[in-house]
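All of the numbers you see were taken from the coordinates with simple rules; none came from a lab. Being a predicted model, the structure only gives us computed values, none of them experimental. Positions of Cβ are backbone-derived with ideal geometry, glycine not excepted, and every protein chain shown enters the neighbour counts.
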Amino acid sequence: MNWVPTSPDTGISRRSFLAAGAAGATLATSGCVNSVRNVVGKSADGQLSLSITTIPADADRQGIQIARKLEANLQQVGIDVSIDMRSPSELLKAVLIEHDFDLYVGHHPAGYDPDFLYEMLHSSFASEAGWQNPFGFTNMVFDTLLEDQRRAAGAQRKRLVQSVLKALAKSKPFEPICQPDEYRVASTDRFDGWGEANLTTRHGYLELEPADDVSELLALKTDSRPTSNLNPLSATMRERDTMIRLLFDSLATVHEGEVQPWLAEDITWTDVEPADGEQGPTLTATVTLREGCQFHADERLAGEDEQLSDEDKRLTAEDVAFTYRFLEDTSLGRAPAPSPAPRYQSHVSAVDRVTVDSEYELTFSMNASRTVAKRALTVPILPKQFWRNLVDQRAKDGEFTASQGRWIAATGDHVPPIGSGPFQFESRTEGDQLVLTRFDDHFTLRDDVELPSSSVERLRFEIDPSSASSVRRIADSNADVTASMLDAYTLDAIPDSSDIEQLHHPSRTFYHIGFNVRNAPFSNTHFRRAVAQLIPKQAIVDDVFYGYATPTATPVTDEWVPERLAWDGEDPVTPFLGSNGELNVAAAKAAFETAGFRYDDNGRLLGGY
Amino acid sequence: MLAEVLTQLALVISILVPVSVVVFIGRERLARTRSEWRSRLRTAGPVIAVLIGVLLINRVARQTAPELSRQIGFRLSGAFYELEGEFILIFQSIQTPETTAYFSTIYVYGYTFLLIFPIIAYFTLPDTRIFRRLLTAYALNYAIGLVLYILVIAYGPRNLMPAELMERMLYNTNPQYQYLTGEVNTNTNVFPSLHTSLSATVATFAWKTRSEFPKWFPIAIVLAASVAISTMYLGIHWGLDVVAGTMLAAACVSLSDRLVDRWSVAELSEQFADRLPWPQNQE
């Protein structure tokens, strides 16, 4: 392996440079400095001004169009709006890590189980950096409901989840817009069985059926972030963690909506009666690991003698227990305050305690029902040796703060992706390609394991500039499959040919507008509701997604959607104030006035209230 | 894909250039160049070295500059959009598949040709000054452009108005060109338009040399104007980028006048030798 750092984490401090170059720079930008800074507030004449953060069309053709529709409508109701465009990783950094935004357009990966809402909305995460509660939303009623649904099961849980969804539709820390149809295209030249392959999962890549002489899959990605950072903890380098799931194993894996044992050979569940009250564990899981599993060979796993031995590579219960402890506090108790990882917090918060029983046996004490507890077993298992060393090195000079979500373990792009997964890192060229090779010691290749195993030796991910060019390459048989989800504008133009197969899977991911509820005016629920009524969801689905999406009032799908929140041609709670995508300005302004906002004589919405 | 596009580009240029040499330069100048090329190269050597140096720095900076830019740059996409709004959509009125094809061709092939041909043409002039000025102006364009690219982080109109530009966006109609432009540039480098500034630079020199190359002058003007319009028509640049590009061109042309012949390598090395701390002639 040669995971070479691209850029060291030292950089020119923005402040010192600005001090030096302030004069010239100010001159160059005079007049538009106001719109450059991302501040919620009033412009000089008292008008409310907001900034919509979104990503450029190169990265996602849909997001910017949603932003501009909303921008136009906000302007019509007298708000001064600017668009703040950032690259995908910079958008996530501003939203998830810095919490420096007013409102943003995002595409959330969601999850197979609605418990991802716990991570999105629970108050305990409001001040943390990462995917956990980026909105800064705090609400006791929500907290109780979110906690209760974790402990409940069956119909009772469904009722509680639906209560969360109904409350969410009213208070709107974020506003879901639609679930996009997820399409990919594949060439049938060299591979079969595309119909089965769901390339958002591990199984998808393991179930490929190559022709006899084919040893490599050439997949096209439009997102270049995996070529620069595969740190499993990084919040900003990926929305969905498919690539991480190829490189890392987890105790259990999700296949077709069901959780199955993966690295665990066996999981035995035991219900526990809480001693008094409702606190304390409700369930234990006794996990037996597959024996003899190894991490990918990397000299950084070597012990003190610096010779990498089989013993160093062995994956044991110690690594598993370490992973859960580390995700909960990446400083391992060495920093003054705990530093939770910026990912997987709803997973690890369901686990109260992990006890190592023997080399290959652990007991998890869970504070959740079995369904939610199973989800906790899907985090990537990390090698203890490497990550503990990283913390030790950083902590040895005594002044170790492990700034939550920001320190090197959570962000560093030089962190090698040493996992135990079915594929291992081979090479990368930043912005260009990433190559993974089959890990021949992986348990899925054992004769007695009945799980799909990789029949290709190599996965080559090439970065392609756009969905349109990717489709063309597949049509020309210059690549096997598009690994990234295609932008909607290309779908009608996919050539109708027997050499091209369209892969379509129902998607749970959702586009949404997120609000920063820490600051005025989005701290005001009435304001958020009024803004939500400016979003023409149906028109967005028709014009921006060309019909390849489902408008929605909830961030979940199918059986979880309460009847009252089902889409019936318009949003059932906060319908769009207009028709056919055209805003009824008078009605919209009235909504803001009802929300307690005032207008000046020129029809501008005033910021102070 | 990239190789395919490059081959095509090389092919087109390798046809256009010889034809233009015959049409615009003339046999007499070529003959004289054949006997004088050594001395002309020697005179122009330092300038050529500077240009190559700047191009190499540009190439390296493509890897490192984005990171630096993220740290110190100003995010101005929103500001540009606010200032000029949907100005570039005025080209909607001339949009037809034919104009789209014309401007796409101009943007890729016309521009490359426009930059390469004057280098050859001016090398055939007995006085190398205009040749050296052209190369100096190129170098200045790239150098100043690089600094501005680091300071200004802005996405072009196609990234903000994909729907309105749908039918004529270069990368929709000809996605293969994105492999080429992706090699040359990143999508946040839009201010100023170097396509515009370099084309305007060439056009200005074409005007200055209109008595030497009377037939080239109108061609250069039409090509340069087409390139500037194409950057907006295809949704790659804002009007502001084009204005800034034109101003950059003016600055580079006038700077090239002041800089060329200001220093001679012989004098410089003499001055430098004088300042060396150790004795020059040890007897």
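The angle separating the long axis of helix A:317-328 from the principal Cα axis of greatest extent in chain A is about 20 degrees.
Label-to-label distance, B:Leu89 versus B:Ala49, with points set 7 angstrom from Cα along the beta-carbon direction: 5.3 nm.
Each of B:Leu89, A:Leu103, A:Leu565 has some number of other Cβ atoms within 10 Å of its Cβ, and from fewest to most they run B:Leu89, A:Leu565, A:Leu103. A:Arg388 to A:Glu273: FRET efficiency via 1/(1 + (r/R0)^6), r the Cβ-Cβ distance, R0 45 Å, to the nearest 0.05? That pair, A:Arg388 with A:Glu273, gives E of 0.80.
The angle between the Cα long axis of helix A:140-151 and the main principal axis of chain A comes to about 30°, on a 0 to 90 degree scale. Applying both filters, DSSP loop and at most 12 other Cβ atoms within 10 Å, to the chymotrypsin sites (Phe, Trp or Tyr not before Pro) of region A:174-232 eliminates every site. Given +1 at the Cβ of Lys and Arg, -1 at the Cβ of Asp and Glu and no other charges, the dipole of region A:62-214 around its Cα centre is 820 debye to the nearest 20. Our Cα-only numbers for the protein assembly as shown put the radius of gyration and Dmax at 30.3, 104 Å.
Here chain B was treated as a single set of alpha-carbon atoms; its pair distances binned every 5 Å from 0 give 1, 5, 11, 14, 17, 16, 13, 9, 6, 4, 2, 1, 1, 0, 0, 0 percent. What you get for the protein assembly as shown, charging only the Cβ of Lys and Arg (+1) and of Asp and Glu (-1), is a dipole of about 4220 debye around the Cα centre.
For region B:155-247, report the translational diffusion coefficient in µm²/s to the nearest whole number, using Stokes-Einstein at 20 °C, 1.002 mPa s, and a Kirkwood Rh over Cα pairs. Once the numbers are plugged in, D ends up at 153 µm²/s. Full extension of the segment from A:Arg240 to A:Asp499, taken as 0.36 nm per residue of separation minus the current Cα-Cα distance, would add 90.4 nm. Measuring nothing but alpha carbons in region B:51-199 and taking Rh as the Kirkwood radius, the Rg to Rh ratio lands at 1.00. Using only the C-alpha atoms, the convex hull of region A:279-435 corresponds to 142 Å³ per residue. Counting beta carbons within 10 Å around each of B:Phe113, A:Phe461 and listing the fewest first gives the order B:Phe113, A:Phe461. In plain terms, if you count all Cα to Cα distances in region A:266-371 and split them into 5 Å steps from zero, the share in each step is 2, 12, 16, 18, 19, 17, 9, 4, 2, 1, 0 percent. Axis of helix A:384-395 versus longest Cα principal axis of chain A: the two differ by about 60°, to the nearest ten degrees.
The HN-Hα couplings worked out from phi for region A:499-512 by the Karplus form 6.51 cos²θ - 1.76 cosθ + 1.60 (θ = phi - 60°) are 7, 10, 10, 8, 9, 10, 10, x, 10, 9, 4, 9, 7, 7 Hz, whole numbers, x standing for Gly and Pro.
In this structure, the residue pairs whose Cα-Cα separation is over 21 Å, taken from A:Lys221/A:Lys537; A:Lys537/A:Lys589; A:Lys166/A:Lys374; A:Lys158/A:Lys374; A:Lys69/A:Lys221, are A:Lys221/A:Lys537; A:Lys166/A:Lys374; A:Lys69/A:Lys221. For region A:142-231, the normalised intensity computed at q = 0.17 Å⁻¹ comes to -0.88 (log10 of I(q)/I(0), Debye sum over alpha carbons, equal scatterers, no solvent).
Look at the dipole of region B:1-83 built from charges on Cβ: of B:Leu56, B:Met1, B:Gln71, the Cα furthest out on the positive end belongs to B:Leu56. Panel values: region A:387-475, Kirkwood radius from alpha carbon pairs, Stokes-Einstein at 37 °C and 0.692 mPa s, translational diffusion coefficient 197 µm²/s. Seen from A:Glu359, the other residues with C-beta closer than 10 Å to its C-beta sum to a net charge of -3, counting Lys and Arg as +1 and Asp and Glu as -1. Mind listing which GluC sites (Glu not before Pro) in region A:190-282 are in a DSSP loop and have 10 or fewer other Cβ atoms within 10 Å? In loop regions of region A:190-282 (DSSP not H, G, I, E or B), the sparsely surrounded GluC sites (Glu not before Pro) are A:Glu256, A:Glu278. Inter-label distance, A:Ala590 to A:Glu559: 4.3 nm, where each label sits 7 Å from its Cα along the C-beta direction.
Pairwise Cα distances in region A:51-148 exceed 22 Å in 39 percent of cases. Charged neighbours of A:Ile244, selected by a Cβ distance under 13 Å, balance to +3 (K, R count +1; D, E count -1). Here the extension length gained between A:Ser171 and A:Asn580 equals 144.7 nm, from 0.36 nm per residue of separation less the Cα-Cα distance. Exposure proxy shown here: for B:Ile94, A:Ile474, the number of other Cβ atoms within 10 Å sets the order, fewest to most, as B:Ile94, A:Ile474.
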